[in-house]
Amino acid sequence: MSSPNCLNHALRRDELSALEQKKLPAMRVNPSEGRLPRRAKDDERLRLAAVSVLETMFYRVVEVSQPGNLADLPAAKGCWLHSSVTFSGAFSGSVVCWLPEGLAEALTRDFLGLSEEDAVDEGQRTDLVAELSNMICGRWLSTLQHPIPFALTHPAVVEEPEGWCPSEAFLHAPEFVINVDGETILVGTIGEK
Amino acid sequence: MDNNNARAEDRQLNILVVDDSAMMRAMIKRVVEICDFPGAHILFAGNGKEALQVLTEKRVSAVFTDINMPEMNGVELLRQIRQRPEWRQIICVIISTDGSDARKQEVSGLDVKAYLEKPFSPEVMRDVLAELFEPCAQA
């Protein structure tokens, strides 16, 4: 099997395990408020969830950084795809992700074990982006250990218009940037209005 | 159905994968194919309601289900499976991002054989399949 997603591929598990074993304090939430708590905005667990998903299911070595100046990011291959997963429970909101379609295609190949010659269609790419954001959101909420489980909606994926600049994502509160092989994924949360 | 077909179906290991993500369904199918269990055959459903329809039409050995799905979620699907005497032998496995204690508690009485938390590597899925089905394959 030529894909990096093969069963014998070595995982960089040591660093991830070390991160996951870190004891993080429980997040305090006022259930009556029902909104994304301010502390969730810089919750390390969201970053851990995103790293865990990309490293475990896609075998990618990733680097996380603060958004910084999004206008300085390298130009993306193709358009940007935007995915949003809405959740409700002790508090409500959405987890949002942006990634270039070229990276979405590469991740689709990894996930399905496809070779470079295999075609990836738009539907597969969209499904991949949806599932990626679903896993990041679900994994993050799961680590919060609330007594009532959260409900997640099916992710909505849209293509940003041509010329869309990542700095526009800043308006929607991206909290961190994940660098994957020279390309970028933006991840953030939006509280219920 | 003639006797030969009936015997062939008896030997078939029908695994029903229930997930609203086509990507996850394809990924699980791929891992099952790599494991190469004799007689393994994958069926699909996009939510709990569709899964119940498949269960009424096909003889299913195992159900691998997500939890958060439209129409009918995985917890309700498992409840309905456990209520039907003819489906009580079905091996049920959960594959979900929601690995919270609260969710695990919610399904604790539903005889779930394994709880696979996403993200997981294909190796983990392979190990679960081997543990569940190797005794069947050897029989």
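Computed on chain B, with alpha-carbon pairs under 8 angstrom and 6+ residues apart, the relative contact order is 23 percent.
With contacts taken as Cα pairs under 8 Å at a separation of at least 6 residues, the stretch A:100-164 carries a relative contact order of 29 percent.
Here the residues A:V62, B:V63, ranked from fewest to most Cβ neighbours within 10 Å of their Cβ, fall in the order A:V62, B:V63.
Counting lysine pairs in the stretch B:3-132 whose alpha carbons fall under 17 angstrom apart, excluding pairs fewer than 8 residues apart on the same chain, gives 4. Here each label is just a point 7 Å from Cα along the line to Cβ, and for A:V61 and A:D181 those points are 1.3 nm apart. Computed from the C-beta positions of B:L110 and B:Q12, the FRET efficiency with R₀ = 30 Å rounds to 0.75.
Taken along the Cα-to-beta-carbon direction at a fixed 7 Å, the label points for B:D101 and A:W164 span 4.0 nm.
Taken along the Cα-to-beta-carbon direction at a fixed 7 Å, the label points for B:R88 and A:I190 span 4.9 nm. Over the residues of chain B, the helix contribution to mean residue ellipticity at 222 nm works out to -14500 deg cm²/dmol, using -39500 (n - 2.57) for each DSSP H run of at least 4. As an equivalent ellipsoid, the stretch B:3-132 spans semi-axes of 22, 18, 13 angstrom, where each value is the square root of five times an eigenvalue of the C-alpha gyration tensor, largest first.
Taking a ≥ b ≥ c as the square roots of the eigenvalues of the Cα gyration tensor, the stretch A:70-168 is oblate, since a/c reaches 1.5 or more and a/b is not larger than b/c.
Give me the net charge of B:G48's neighbourhood, meaning all other residues with Cβ under 12 Å from the Cβ of B:G48; Lys, Arg count +1, Asp, Glu -1.
Net charge in that neighbourhood comes out at -4.
Going from the fewest other Cβ atoms within 10 Å to the most, the residues A:R47, A:R60, B:R88 appear in the order B:R88, A:R47, A:R60.
Every read-out reported here was derived from the displayed coordinates using simple, explicitly stated rules and does not represent laboratory data. Bear in mind the structure is a predicted one, so any value in this text is a computation, not a measurement. A quick note on method: Cβ atoms are made from the backbone with ideal geometry, for glycine too, and the neighbour counts reach across all protein chains shown.
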